[in-house]
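Structure first, commentary second.
The values are calculated or read from the model by the stated rules, or taken from the named source; none is laboratory data. All values reported here derive from a predicted model rather than from experimental measurement. So basically every Cβ, Gly included, is an ideal-geometry build from the backbone, and we count neighbours across all protein chains shown.
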Amino acid sequence: MNLRILHVGLGPLGLRIQSDLLRRKLGVTVAAVDPAPGLVGKSLAQLVDGAPPVRVVASLDELRDWESYDVALVTTSSDLRRCAPTFEALLARGVSAVSTCEELIYPWLRHRELALRLHECAQQGGAGLLGTGVNPGFLMDALPVFATAVCNDVRSLCVSRIQDATARRVPFQKKIGAGLDRAAFQKGVDEGWLRHVGLGESLHFCAQYLGFALESWSETIEPVIATRALDCKLGPIAVGECAGVRQVAIGMVDGKPRLRYEFQAAIGQADPHDRVLLESDPPIDLVLRGGVHGDVATSAIALNALRAIVAASPGLHTMATVPMLGCSDAGSRRT
């Protein structure tokens, strides 16, 4: 099945996904939407080499033949409230969607009523909706849960993602506060735009699917301070300035911290890795040395999820309720 894809959101991540889509031959983009003045009216072929000559339009309202789309990709915002009108418009027209919206990974944490509304809209439209990504979506939620498939019991879970953000795209480096002084960092935290979105969602995802009854949870955020001069895509970082962000979330069960999540992303970060540590029977200590490149993996998992959401039952899904994902397309094989 050659999927006919409607793509909403052509920022740096969206364009990367378009490039990977072409290389992997997973489907064809037949419509593209982005309200940015510099994109509206352009051909997708002007933005990505080899892409079809699809004209970028400013909104979904400009599209007509809704029967011509098999699935939608939405790569616009981390904020579920901002994405919700797009999701509702797609679902009402019967178009299933995969999105990289971080809060959609487990929307019941911060947006329970909206999640219920989206689920109802999806069921009424006969379509599916899934939030996914490398993190949240896989490394700190789906992977830990799947790792417990070989366990007889799980007593505690510790998940950490330690990233060198030097090679990440500019929006990511901005989001972790690279190059800011401490006051500007705190201002970004207070305004809500400086943070890794999804740590709490990942913790609650695992708590639900592993059967932990959370009594409470907490999350802290602080800067990673440069101890040597650094360079990133935003410019030089002096000693004493912020190189990145560190966040820790703790989930309390039976009066004990049974779930611990640590996220640290910084320019020049030493020993990057991803780790899932289970106090379980048998014990598991899964370490991915070097860590998983976020931009590469987010693009890959969004594309790998397309056929899964098309095959899923109507409704709002999580990574635990869709068919198991994998890289199974012949188009990406090398001879």
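Residues of the stretch 44-75 that are touching a Lys or Arg at 6+ places or on another chain (Cβ under 7 Å) and either among the charged types (D, E, K, R) or crowded, with 19+ Cβ neighbours inside 10 Å (or both): 56, 69, 70.
If you go through the stretch 125-148 and keep only what is more than 27 Å from residue 283 (Cα to Cα) and assigned to a helix (DSSP H, G or I), you end up with just 125. Tell me, which residue of the stretch 279-314 that is touching a Cys at 6+ places or on another chain (Cβ under 8 Å) and surrounded by 17 or more Cβ atoms within 10 Å (Cβ to Cβ) is nearest to residue 268 (Cα to Cα)? My answer is 300.
Could you list, in sequence order, all residues of the stretch 293-329 that are of a type in the set (S, T, N, Q), in a loop (DSSP other than H, G, I, E, B) and within 17 Å of the chain's Cα centre (by Cα)? Hits for the stretch 293-329 are 318, 321.
Against the list (1) within 27 Å of residue 307 (Cβ to Cβ); (2) modelled with pLDDT of 95 or more; (3) surrounded by fewer than 24 Cβ atoms within 10 Å (Cβ to Cβ); (4) not charged (D, E, K, R), the condition residue 197 fails is (2). Before we move on, is residue 215 among the acidic types (Asp, Glu), surrounded by fewer than 21 Cβ atoms within 10 Å (Cβ to Cβ), over 17 Å from residue 141 (Cα atoms) and within 24 Å of the chain's Cα centre (by Cα)? Against the criterion (among the acidic types (Asp, Glu), surrounded by fewer than 21 Cβ atoms within 10 Å (Cβ to Cβ), over 17 Å from residue 141 (Cα atoms) and within 24 Å of the chain's Cα centre (by Cα)), residue 215 does not qualify. Select from the stretch 51-64 the residues that are without any contact (Cβ under 8 Å) to a residue 24 or more places away in the chain and either assigned to a loop (DSSP other than H, G, I, E, B) or under 23 Å from residue 316 (Cβ atoms) (or both) and list them in ascending order. Correct list: 53, 64. In this entry, residue 245 passes the filter for residues that are touching a residue at least 60 places away in the same chain (Cβ under 8 Å) and out of contact with any Leu (no Cβ under 6 Å at 6 or more places or on another chain).
Select from the stretch 258-292 the residues that are more than 30 Å from residue 11 (Cα to Cα) and free of Cβ contacts under 8 Å to residues at least 60 places away in the same chain and write down the one among them that is farthest from the chain's Cα centre (by Cα).
283
The criterion of being in contact with a Gly (Cβ under 7 Å, 6 or more places away or on another chain) and either in the same structural domain as residue 90 (by TED's automatic domain parsing) or basic (Lys, Arg) (or both) holds for residue 127. Checked against (1) assigned to a helix (DSSP H, G or I); (2) of a type in the set (Gly, Ala, Ser); (3) within 25 Å of residue 294 (Cβ to Cβ), residue 122 passes all but a single condition, namely (3). Beta carbons closer than 6 Å, at least 6 apart along the sequence or on distinct chains, never pair a first residue in the stretch 65-90 that is farther than 19 Å from residue 123 by Cβ and free of Cβ contacts under 8 Å to residues at least 12 places away in the same chain with a second that is surrounded by fewer than 21 Cβ atoms within 10 Å (Cβ to Cβ) and among the hydrophobic types (A, V, I, L, M, F, W, C). Of all residues in the stretch 181-192, exactly one satisfies the criterion of being more than 15 Å from residue 220 (Cα to Cα) and assigned to a loop (DSSP other than H, G, I, E, B), namely 181.
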